[in-house]
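Everything on this sheet refers to the single structure shown next.
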Amino acid sequence: MKYKIFFAALLIPFLAKSQTEEKSLQLGFTLSPTLSWLTNGGDALVSEGSKAGLSYGVLADFGFAKNYYFSTAFTLTSLNSEAKRADKSIENFHLQYIEIPLTLKLKSNPSGLGKFYGQFGLGTGIKVSAKKDVTSASGTTSKDVSLSSDANIFRLGLVAGAGAEWSIGKNLSGLTGVTFNNGFTKTFKNSEAKNPFVTLQLGVFF
C-alpha cells in the first residue's frame, strides 16, 4: 500500500503538467488593420468600394482539450466604407464597434517555429460610434454627420480565419493571420446594406 501511495505521489506532477498543457489559457494583445465595405442596399445605397480601418484590444484563448481552444477577444474595431446615393451624393461611413468574437480555434502541434491554426465561429459587435461624411452632387461636403439613430446597435457575423503563432521566447509568441467577418445583420435601419470586413491579424500572446 505504501509503494502505491509513493508511486501515485510521483505521478501527480506529471499528470498536473499534462492537464496544464491541454487546458491552457493564453492572453495577448492585438493591433490589426481592417478592410471593410458595404454590400449594396438597393437603389438607395450602392457600394463604392472598401476602406481601411483599425482594430485593437485584448485576445484570449481558453484550451479545453489538446489543440482545441475557445477563442475570444475584446477589441475596438473601426469599419470605414463608401457608398453612393440615388441623388449622386457620396457618403463615407465611419463606424466603431466593440467586437467580442465567439469562435472555436484548432491549433497544430507545436514545431520549432510555432503553431498553425484555423478558426470559425460567431462575431458579435456593439456600436459605440457611427458618423458619416457626405459630399453632395454639387461638391458640398458635410463632415461628422451623426448616425446614432440610423445605425443598428448590434452587429453579428460569421467569422472564419487562419494563421500562425510564431514562437519568440519561452512564454511569448507572435500572431499573424487573416480573418474574414461576414456580417449578416443590417448595418442601418433604413437599408438592407451589410458591413463585412477582413482583418490582417497581428498580435502577441504571453
*For the chain, find the longest principal axis of its Cα atoms and tell me its angle to the long axis of helix 2-22, 0 to 90°, nearest 10.*
20 degrees
*Return the sequence-ordered ³J(HN,Hα) values of segment 32-39 in whole Hz as given by the Karplus equation 6.51 cos²θ - 1.76 cosθ + 1.60 applied to θ = phi - 60°, using x for Gly and Pro.*
10, x, 10, 9, 10, 7, 9, 6
*Residue farthest toward the positive end of the dipole of segment 27-114, with Cβ of Lys/Arg at +1 and Asp/Glu at -1: which of Gly57, Tyr68, Pro110?*
Pro110
*Which whole-number value in Å³ per residue fits the convex hull of the alpha carbons of the chain?*
122 Å³
*With unit charges on the beta carbon (Lys/Arg positive, Asp/Glu negative), name the residue among Ala193, Leu31, Gln119 whose Cα is farthest towards the positive pole of the charge dipole of the chain.*
Gln119
*With only Lys, Arg, Asp and Glu charged, each at its Cβ (+1 for the first two, -1 for the last two), find how big the charge dipole of the chain is about the Cα centre; round to the nearest 20 debye.*
740 debye
*Determine the distance separating the Cα centre of segment 119-139 from the Cα centre of segment 79-115; give it in Å without decimals.*
11 Å
*Spin-label pair Asp150/Ser111, simplified geometry with 7 Å Cα→Cβ offset, distance in nm*: 5.0 nm
*When the Karplus curve 6.51 cos²θ - 1.76 cosθ + 1.60 is applied with θ = phi - 60°, which whole-Hz ³J(HN,Hα) does each residue of segment 137-144 get, with x for Gly and Pro?*
4, 7, x, 6, 10, 10, 9, 6
*Could I have the simple spin-label model distance between Phe70 and Phe180, label points 7 Å from Cα toward Cβ, reported in nm to one decimal?*
2.7 nm
*May I ask you to list the residues of segment 77-98 whose amide nitrogen lies under 13 Å from a point 7 Å from Cα along the Cα→beta-carbon direction of Glu48?*
81-94
*So what are the ³J(HN,Hα) numbers for segment 73-84, from phi and the Karplus equation (6.51, -1.76, 1.60; θ = phi - 60°), rounded to whole Hz, Gly and Pro as x?*
6, 9, 10, 9, 10, 9, 10, 10, 7, 9, 8, 10
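Taken together, the values in this text are just the output of simple stated rules run on the coordinates, not laboratory data. Here the structure is a predicted model, which means the values were calculated and not measured. We place every Cβ from the backbone using ideal geometry, glycine too, and count neighbours over all the protein chains shown.
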